[in-house]
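Okay, so here's the structure we're looking at.
The values are calculated or read from the model by the stated rules, or taken from the named source; none is laboratory data. Nothing here was measured: the structure is a model prediction, and the numbers come from that model. Note: ideal-geometry Cβ built from the backbone for every residue, glycine included; neighbour counts use all protein chains shown.
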Amino acid sequence: MTKTTPRRVAVIDIGKTNAKVVVIDTQSGQQLGARSTANTIRTDGPYPHADVDMLWQFMIGALSALHTEVGVDGISITTHGATGALLAGDELALPVLDYEFEGPESVTESYASVRPEFAESLSPKLPNGLNWGAQLFWQSRQFPEAFARVTAIVPYPQYWAWRLTGKLASEVTSLGCHTDLWAPDHRTFSSMVDGLGWRALFPDVLPATTILGTLRPELAAATSLPAETPVTCGIHDSNASLLSHLGRHEAPFTIVSTGTWTILMTVGGDTGSLDPNKDSLANVDAYGRPVPTARFMGGREFDMLVPEIAEPTEADLAHVIDHDVQALPSFVPGVGAFGRRRGNWTVDPDALTPGQRTAAASLYLALMAEACLGLCGLGRSITLEGPLARNRLFGAALAQLAGVPVMASGDATGTSLGASLLFGGALTIGDDSHALPVLQAEGWDAYVERWRQRAAE
């Protein structure tokens, strides 16, 4: 199919917490329109699973409305990782499993005997279904008859691309996202995939930038979009955020993609410091290259720590430091550099004002991010994408801790913008990020040292 460069790209962005469709102007990088909805998990059926029917109806409605409002010339797709679909012909063989479901833990011992070594997959053992390979293994053992019907295993972005176009594909950024299914250094499937006889079930691996096809005729009719509207293969969301930075910064550089997860990726970094026991791994970028990565559930933890957000004042910050108000990891068990530690406060958090609590949580996230840098490596600069780019205290604290420039992206839709780049038309968009100040606060160094000592206990 001839590669086109559409002007108005509708990005279907399925995050773990929210789903949205955003129209990006590929010449200016500006958002022209958007629709969003909560991404809820269904608990009926054999196990907790994605509500793909709800998401599908949302997508079709959003595409139709946005095409009426601003026009849509192309469609790109990005989703969270650790998720995929088992197809039996033109339907799901089993529901799309929620990666937070603990079911795969029941086969931990037998799965350990088949999963590849970390040196091959650069994928650590993660809890529940965070290793997509563990999900597949559990499903194959728990539902052997349904699994025997499977005709294709597709990563989550490519599932939606298939529903839109009828064309099947696999893609490396989702295959290389702590799945145990990929060998990043060899740029091919892991030995486990062949050992379990699954390779033939995966469609051809295509670049994320591939135009997979055009809209199915019935979808073009339902949305009023032109039948020739092109659809890209799709990309993992953290790698979508990364895409707009490739070739823009001097390597090594660090990108911090934030949302439900806070994911630190150092392009051009060394994978030698990755620790499978501390939730660090290699992601695979859109060009198939390993990218040292460390992460924690920063957005989820912030929501748990801060029931009422308030912009911290200097007095709030001073109170937190002077009174040793600290949140200590980890409030989401099993993930992050301190996944084996149970989170706690050094004081009663209910006695804090909203501003003080927001300040303490922001400092906590910065300290957690610095710990991640010790695993994935520190670039010459750090760029923040997503919600944490707007948290001034977090950025200032991280700048002080890291000792390199920390930039906040001026774009609130880093993932969506990155996904729009799959068509290639916006790679020359200028960098609208801005440098953040470095935190200056009396008592800060001692506060940091106390936090590090406690976190290591």
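Can you spot a residue in the stretch 93-104 that is part of a helix (DSSP H, G or I) and modelled with pLDDT of 95 or more?
yes
Which members of the stretch 177-210 meet the condition of being under 30 Å from Asp73 (Cα atoms) and either surrounded by fewer than 22 Cβ atoms within 10 Å (Cβ to Cβ) or among the hydroxyl-bearing types (Ser, Thr, Tyr) (or both)? Can you show your working first?
Start the filter on the stretch 177-210 by keeping residues that are under 30 Å from Asp73 (Cα atoms), which leaves 177, 202-210.
Selection gives Phe202, Pro203, Asp204, Val205, Leu206, Pro207, Thr209, Thr210.
Determine whether Ser76 is surrounded by 15 or more Cβ atoms within 10 Å (Cβ to Cβ), under 18 Å from the mean Cα position of the chain (by Cα), under 27 Å from Thr223 (Cα atoms) and not assigned by TED's automatic domain parsing to the domain that holds Gly334.
yes
Please verify whether the stretch 202-210 includes one or more residues that are assigned by TED's automatic domain parsing to the domain that holds Tyr99, hydrophobic (A, V, I, L, M, F, W, C), out of contact with any Cys (no Cβ under 7 Å at 6 or more places or on another chain) and over 25 Å from Lys16 (Cβ atoms).
No, that holds for no residue.
Okay, residues lined up against (1) in contact (Cβ under 8 Å) with a residue 60 or more places away in the chain; (2) over 24 Å from Trp261 (Cβ atoms); (3) touching a helix residue (DSSP H, G or I) at 6+ places or on another chain (Cβ under 8 Å):
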residue: Arg7; (1), (2), (3): yes, yes, no
residue: Val11; (1), (2), (3): yes, no, yes
residue: Asn18; (1), (2), (3): no, no, no
residue: Thr26; (1), (2), (3): yes, yes, yes
residue: Gln31; (1), (2), (3): yes, no, yes
residue: Ala38; (1), (2), (3): no, no, no
residue: Arg42; (1), (2), (3): no, no, no
residue: His49; (1), (2), (3): no, no, no
residue: Met54; (1), (2), (3): no, no, no
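Each row is one residue, and each column tells you yes or no for (1) of a type outside the set (D, E, K, R); (2) more than 28 Å from Gly129 (Cβ to Cβ); (3) in contact with a helix residue (DSSP H, G or I) (Cβ under 9 Å, 6 or more places away or on another chain).
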residue: Asp316; (1), (2), (3): no, yes, yes
residue: Trp345; (1), (2), (3): yes, yes, yes
residue: Asp348; (1), (2), (3): no, yes, no
residue: Ser362; (1), (2), (3): yes, yes, yes
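Output the residues belonging to the stretch 286-301 that are surrounded by fewer than 24 Cβ atoms within 10 Å (Cβ to Cβ) and touching a helix residue (DSSP H, G or I) at 6+ places or on another chain (Cβ under 7 Å).
Ala286, Gly288, Pro290, Gly299 - these are the residues of the stretch 286-301 that are surrounded by fewer than 24 Cβ atoms within 10 Å (Cβ to Cβ) and touching a helix residue (DSSP H, G or I) at 6+ places or on another chain (Cβ under 7 Å).
Being part of a loop (DSSP other than H, G, I, E, B) and under 21 Å from Ile235 (Cβ atoms) is the filter; apply it to the stretch 29-61 and report the residue that is modelled with the lowest pLDDT.
Taking the stretch 29-61 as the starting set, the residues that turn out to be part of a loop (DSSP other than H, G, I, E, B) are 29-30, 39-40, 43-48, 51.
Now restrict to residues that are under 21 Å from Ile235 (Cβ atoms): 29-30, 39.
Values: Gly29: 84, Gln30: 89, Asn39: 97.
Checking each candidate, the answer is Gly29.
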